[in-house]
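**Q** First, the structure itself, so that you have it in front of you.
The values are calculated or read from the model by the stated rules, or taken from the named source; none is laboratory data. This one's a predicted model, so the numbers in the text were calculated from it and none came from an experiment. Note that each Cβ is placed from the backbone with ideal geometry, even for glycine, and that neighbours are counted across all protein chains shown.
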Amino acid sequence: MNEAETRAELIDPALCCDLIMKMSINPQWAETKFIYWYFRTSKLRHLISNSAQGANPTMKKINKAIVQNFTVFIPPIVEQKKIVEQIEECYQKTQKLETIYQRKLEAIAELKQSILEKAFTGQLSQ
């Protein structure tokens, strides 16, 4: 299942997935951001993928009844907040690293192009 098929938007106090299924989060039981990140885990994505139904294998869907039968581990709110904080900290670091690596890949591509240009114009042998 790819990202486009399971895209989710975080809209406090609910989580809305594409092909719209509203999921209201009871703030006494769960942090909206915790549920959001939980829905991005490979474990739950695999569960969703395996639970999808439909006649066309490329257009399988899940419905509210299927989702309501999922078993979700919900730690205490205090622990959820700590987990979310750690995840978001790691996510920010990952985003920064991705940006750095993307810039380095672009620089390598430019260097490669420059070397090729110099090679074909005879400037490398000088």
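**Q** Among the residues of the range 98-107, are any hydroxyl-bearing (S, T, Y) and at pLDDT 95 or above?
**A** yes
**Q** Is it the case that some residue within the range 90-101 is outside the structural domain of M23 (by TED's automatic domain parsing), within 22 Å of I25 (Cβ to Cβ) and polar (S, T, N, Q)?
**A** no
**Q** Taking the conditions exactly as written (closer than 26 Å to K33 by Cβ and at pLDDT below 95), does I74 satisfy them or not?
**A** Working: closer than 26 Å to K33 by Cβ: yes; at pLDDT below 95: yes.
Judged against the criteria, I74 is a match.
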